[in-house]
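The values are calculated or read from the model by the stated rules, or taken from the named source; none is laboratory data. Everything numeric here is computed off the predicted structure, so don't read it as measured data. So basically every Cβ, Gly included, is an ideal-geometry build from the backbone, and we count neighbours across all protein chains shown. These accessible areas exclude ligands, DNA and RNA; they are computed on the full protein's heavy atoms, side chains included. Shrake-Rupley method; radii C 1.70, N 1.55, O 1.52, S 1.80 Å.
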Amino acid sequence: MNSGTETRNGNGSGSGAPAEREPKHEALRTALTALIDDGLAPHEALPSERDLMQRYSVSRMTVRRAVERLTQEGRVYRVQGAGTFVADPATISKSLHLTSFSEDIRSRRMVPDSRLLLLERTEADLDCARDLFLAPGSPVVHLERLRTADGEPMCLENAWLPETLVPGLVDQGELHSLYGWLERAGAAPETADQTIRATVVGPREAGLLEVPPQFPALLVERVTRDIRGRAVERAVSLYRADRYDYRLTISRERPR
């Protein structure tokens, strides 16, 4: 029925695997990122869905997937009934996805760093034991880090982990990636329960975060679990409220 020669990649050579094409929504995300970087100001509106569909010859679903990715990365934000707008790079927006501080900062094309203030073995107090499902007094590793973006203090983070998960961490005396340690221990973070409250900073925290005492802040308490449902981290983080926010997408359930 045919000559027995298969044409691939449009070159008729018949050798090699077909070239993989970049998904349309990823190509559009790249194009929109370039559009933002080439001159759209913070809080300036992106073109409408219809305009993007016509300009790039893509479907509405492709536009929505690309914009959703940009929203997750903190590059844009949406206002119901008004449209999609360029996010202010001075504010680090945290989505509902479980990401590390470093991932959040890199997504905004800033350089993350941290200063280790404390790394010690200690015993789980009642709060720590409750959150990590340990007996009070069980050995845990406690660390405190000052997290920065482009050298500017953003967050003061305290974390507690069962020592059985991270043996040798305290003896090493330094920490490059907490999630990296957990992944190597077979306890990669998968889900987290998180509580966010408004607060103000005390004198010590103000000095570390380089803000005045009583400056507004976000207090975030998190219990992180691995894929097996084990509690692997208890974290209490204090974020500068002028440089960090949380963006949520919610929907209204219609009465039945």
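Treating r as the C-beta distance of residue 144 and residue 227 and R0 as 25 Å, the FRET efficiency rounds to 0.35. Note on residue 80 and residue 245: the model spin-label points, each 7 Å out from Cα along the C-beta direction, lie 1.6 nm apart. In region 112-256, carbon and sulfur make up what percent of the accessible area (probe 1.4 Å)? C and S atoms contribute 50 percent here. Heavy-atom accessible surface of region 34-87, averaged per residue, reaches 58 Å², computed with a 1.4 Å probe.
Distance between the pseudo-spin-label points of residue 30 and residue 103 (7 Å out from Cα toward the beta carbon): 2.2 nm.
For residue 122 and residue 152, the FRET efficiency from 1/(1 + (r/R0)^6), where r spans their Cβ atoms and R0 equals 25 Å, is about 0.25. FRET efficiency for the pair residue 44 and residue 236, taken as 1/(1 + (r/R0)^6) with r the Cβ-Cβ distance and R0 = 41 Å, rounds to 0.65. For residue 246, the residues whose amide H sits under 5 Å from its own are 94, ignoring neighbours fewer than 5 places away on the same chain, with H placed 1.01 Å from N. Working ranking of peptides 47-58, 167-178 by packing, defined as the average number of other Cβ atoms within 10 Å per residue, highest first, is 47-58, 167-178.
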